[in-house]
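The values are calculated or read from the model by the stated rules, or taken from the named source; none is laboratory data. All of these numbers come straight from a predicted model, not from anything done at the bench. A quick note on method: Cβ atoms are made from the backbone with ideal geometry, for glycine too, and the neighbour counts reach across all protein chains shown.
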Amino acid sequence: MPLARKFFERHRLPLDRLVFIDDSPHQVEINGHAVLSYAEFLATPARDRYATLAIANASVRERLAARCVRDALLSWTVRAEVSEIYDDVVIGEGAIICAYVTLTSNIRIGKHFHANLYSYVEHDCNIGDFVTFAPGVKCNGNVEIGDHAYIGAGATIRQGQPGKPLRIGKGAIIGMGAVVTKDVAAHTTVVGNPARLIQKGTKHD
């Protein structure tokens, strides 16, 4: 919410139009912003309605995105002023780019990407839909990351090679602080330095 609020303040938009949405709200207000049920949000008079999906779980995020499309809500990308995006970076709708994130050059990123504080993506990377970077992720160049992957706080992904990228499979989970030196299969969990397999058949996505 602080990133969204700063956007509203920069553009002199009324802050009472910035709300939390919760399917089962237990509070009426959080940090000065109203908490509405999804039905209440849809019923609020407005020409257009925008939503940012601040849910780390990729499968939940995908279900919510489908619901928003069904109900004609527009995806809103939220980006910190102190983030950096360089040359030829294409990002899908609904991203959250937090403070001190750097996306360098020649990068393709899918829908509803989360890049938490101090994360970076280096050159020539391809990142799928509904991917989550926890704080401090270091994704070096020539890396491919499949849909729904979750990269834990402080993890480092070694650089791949032109024409032979290092691949993180769909739905994979990289544990916090892991150092990934080789491909990670889809639907697996790896931890440690170097990262090693601890679980197959992960259902994170």
Self-check item: Any chance Glu81 is closer than 20 Å to Pro2 by Cα, surrounded by fewer than 17 Cβ atoms within 10 Å (Cβ to Cβ), of a type outside the set (Gly, Ala, Ser) and at pLDDT below 95
Solution: yes
Exercise. List every residue pair whose Cβ atoms sit under 6 Å apart, with the two residues 6 or more apart in sequence or on different chains, where the first one lies in region 44-55 and is among the aliphatic types (A, V, I, L, M) and the second, anywhere, is not in a loop (DSSP other than H, G, I, E, B).
Key: Ala51/Cys68; Leu53/Arg61; Leu53/Leu64; Ile55/Arg61
Quiz prompt | Selected residue [crowded, with 21+ Cβ neighbours inside 10 Å and closer than 20 Å to Asn57 by Cα] from Ile157, Ile107, Ile96 | solution = Ile96
Exercise. With the condition kept exactly as written, say whether any residue in region 52-67 is over 22 Å from Gly171 (Cα atoms) and crowded, with 16+ Cβ neighbours inside 10 Å.
Key: no
Quiz item: Do you know which residues across region 20-61 are in contact with an Asp or Glu (Cβ under 7 Å, 6 or more places away or on another chain) and under 20 Å from Leu3 (Cα atoms)?
Solution: Val35
Practice problem: Would you be able to tell me the number of residues in region 10-48 that are charged (D, E, K, R) and surrounded by 12 or more Cβ atoms within 10 Å (Cβ to Cβ)? | Solution: 3
Self-check item: Hits in region 86-100 - residues which are hydrophobic (A, V, I, L, M, F, W, C) and either over 15 Å from Gly141 (Cα atoms) or in the same structural domain as Arg10 (by TED's automatic domain parsing) (or both)
Solution: Val90, Ile91, Ala95, Ile96, Ile97, Cys98, Ala99
Exercise. Output yes when any residue across region 86-103 is among the hydroxyl-bearing types (Ser, Thr, Tyr) and part of a loop (DSSP other than H, G, I, E, B), and no when none is.
Key: yes
Practice problem: Might you check whether a residue that is closer than 25 Å to Ala51 by Cβ, in contact with a strand residue (DSSP E or B) (Cβ under 9 Å, 6 or more places away or on another chain) and not basic (Lys, Arg) occurs anywhere in region 175-190? | Solution: no
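Considering only residues of region 33-48 that are aliphatic (A, V, I, L, M) and outside any helix (DSSP H, G or I), which is farthest from the chain's Cα centre (by Cα)?
Ala46
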Self-check item: Where a residue in region 74-88 is among the acidic types (Asp, Glu) and its partner, wherever it lies, is assigned to a strand (DSSP E or B), with Cβ under 8 Å and at least six apart
Solution: Glu84/Thr102; Glu84/Leu103; Asp88/Ile107
Quiz prompt | For Trp76: the one exception among (1) touching a Phe, Trp or Tyr at 6+ places or on another chain (Cβ under 6 Å); (2) under 30 Å from Pro162 (Cα atoms) | solution = (2)
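Quick one: would you say Asn116 is outside the structural domain of Lys6 (by TED's automatic domain parsing) and more than 22 Å from Val82 (Cα to Cα)?
So Asn116 fails the test.
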Quiz item: List the pairs whose first member sits in region 160-175 and is in contact (Cβ under 8 Å) with a residue 60 or more places away in the chain, whose second member is outside any loop (DSSP other than H, G, I, E, B) and surrounded by 23 or more Cβ atoms within 10 Å (Cβ to Cβ), and whose Cβ atoms are under 8 Å apart, counting only residues at least 6 apart or on separate chains?
Solution: Gly171/Ala58
